[in-house]
Amino acid sequence: MEAIIEEILSLVKKKMREQGGYDRDAYKQYVEETIEYFQSKGKISEDENTEFIEDRLMDMWGQVKNNISREF
């Protein structure tokens, strides 16, 4: 589960940089979009607890915000 969370987080960070969304709302939107994308590609099954994955990623917002701000 942690590997998939890290993979989603990596893609979310990439979207943030490419699309210029750096606030919590944009982060949440990218997390939701990326989870849906992973489901559509079969990397996450419908049976997996996507709520848990989303919650874990949202809990990481502070860390992500700090890392992104250091890049600029």
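Laboratory data are not the source of any read-out in this text; all were calculated from the coordinates shown. A quick note: this is a predicted structure, and the numbers were derived from the prediction, not measured. Heads up, the Cβs are rebuilt from the backbone with ideal geometry, glycines too, and the neighbour counts pull from every protein chain shown.
Quick rundown of the values:
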read-out: Calculated P(r) of the chain - Cα pairs past 20 Å, %; value: 23
read-out: FRET efficiency, GLU7 to ASN66 (Cβ-Cβ, R0 22 Å, nearest 0.05); value: 0.60
read-out: Relative contact order (percent, whole number), the chain, Cα cutoff 8 Å, 6+ residue spacing; value: 34
read-out: Net charge dipole size for the chain [Lys, Arg +1 and Asp, Glu -1 on Cβ; Debye, nearest 20]; value: 500
